[in-house]
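These notes concern the structure reproduced below.
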Amino acid sequence: MRLSIYQGLLLLYKLLQTSAEQCTSGTFHINPDKRDVQLRGFTYRTFENISPRACFKKCIQRKRCHSYNYNRASLRCELNLKPMYISEGYFKNVVGFVNAEVHPYRGDPLFDPCIGNPCDEGEVCESLKNEKVVCVLEDCKTPIEAFQNVALGKMCEQSSTYLNEHAEYAVDGLTNTAPHTLQDQSPYWWVDLGNIYNIIRIEVINRWSSGYRLHDLDISFGTHLDDLSIFAHYTGPAVDNEHLVFHRSQYTEGRYVKLTITQGPEMLHPSEVIVVDCPVC
């Protein structure tokens, strides 16, 4: 009981401290783009026990930061990179989180401490008391091209091939091509990423026709092709051109990704498979 009271007082202290910080240097008010929503799969830095103002500042000081997730109850701040494209599947309903983009505030002297940020990717812009700006190296390293599709152009195979619709069409970066198996009992397709990556998200873009054939799909991953674990399962059926997004809140290590229809006989023909690597600080 004493521990619970202590934890409650500690949380109250943090909340009061946060409110006090917001009252300094003028009023701080940002309208979040989404409430009770967390952008998943694009977080590259996290900070604990900081205020909303501090979270906003952490983001706007970094050219790489496109948006941030903030939880007022846990005082957790998550900096996000810019998605390659926007999909509602990237956002998860999580009570207490807000998501806000910072680009509308860049260049605004009321919000941006580093007007005309001269810093490069991987640097943090710091504004000194004499209004000079200095660029400080980020204290963690992330890939230059973060959140890459690490499946693009990699070696792949499928259970069988219909006509000349080969396995590599799923990793050619085009959505008007597709691999195509015969009507197998458990048709599969797999890709060798070439190295072990921190997989945070796998996306499947369905074929432009006969999309209903994509159903009862197991998506598995692992460091060895003969020892895979389930990343996600999709019951379906899908529709033509449907863009399916499967992500986790934490990355998982893997070199191989495999798609298998478990309820056959059926044909497997995804238009594109995207495997997204997570930059880790």
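The values are calculated or read from the model by the stated rules, or taken from the named source; none is laboratory data. Being a predicted model, the structure only gives us computed values, none of them experimental. Please note: Cβ atoms are built from the backbone with ideal geometry, for glycine as well, and neighbour counts cover all protein chains shown. Just the protein is used for accessible areas: all its heavy atoms, side chains included, with ligands, DNA and RNA removed. Shrake-Rupley method; radii C 1.70, N 1.55, O 1.52, S 1.80 Å.
Inside the stretch 227-253, residues that are in a loop (DSSP other than H, G, I, E, B) and either of a type in the set (Lys, Arg) or in contact with a strand residue (DSSP E or B) (Cβ under 9 Å, 6 or more places away or on another chain) (or both) make up a count of 5. Here ASN99, ASN130, ASN93 are screened, and the one residue that is over 17 Å from LEU259 (Cα atoms), among the polar types (S, T, N, Q), open to solvent by 30 Å² or more (accessible area, probe 1.4 Å) and in a strand (DSSP E or B) is ASN93. Out of curiosity, is ILE199 assigned to a strand (DSSP E or B) and touching a Gly at 6+ places or on another chain (Cβ under 8 Å)? Spelling it out, ILE199 is indeed assigned to a strand (DSSP E or B) and touching a Gly at 6+ places or on another chain (Cβ under 8 Å). Being more than 27 Å from TYR44 (Cα to Cα) and modelled with pLDDT of 95 or more is a condition met by at least one residue of the stretch 194-207.
Remark: pairs (first residue in the stretch 29-43, at positive phi and touching a residue at least 40 places away in the same chain (Cβ under 8 Å); second residue buried (at least 20 other Cβ atoms within 10 Å of the Cβ) and basic (Lys, Arg); Cβ separation under 7 Å; 6+ apart in sequence or on different chains) = GLY41/ARG201.
Of the set (1) hydroxyl-bearing (Ser, Thr, Tyr); (2) surrounded by 15 or more Cβ atoms within 10 Å (Cβ to Cβ); (3) in a loop (DSSP other than H, G, I, E, B), all apply to TYR256 but (3). Just so you know, in the stretch 185-227 the residues that are of a type in the set (A, V, I, L, M) and over 20 Å from the mean Cα position of the chain (by Cα) include one that is nearest to ARG248 (Cα to Cα), and it is LEU217.
TRP208 meets each of the listed conditions (1) touching a Ser or Thr at 6+ places or on another chain (Cβ under 9 Å); (2) outside any loop (DSSP other than H, G, I, E, B); (3) surrounded by fewer than 16 Cβ atoms within 10 Å (Cβ to Cβ) apart from (2).
State whether the residues of the stretch 51-67 include one that is at pLDDT 80 or above, in contact with a Gly (Cβ under 9 Å, 6 or more places away or on another chain) and assigned to a strand (DSSP E or B). Scanning the stretch 51-67 turns up no residue that is at pLDDT 80 or above, in contact with a Gly (Cβ under 9 Å, 6 or more places away or on another chain) and assigned to a strand (DSSP E or B). Counting only residues that are part of a loop (DSSP other than H, G, I, E, B) and surrounded by fewer than 15 Cβ atoms within 10 Å (Cβ to Cβ), the stretch 183-196 holds 2 of them.
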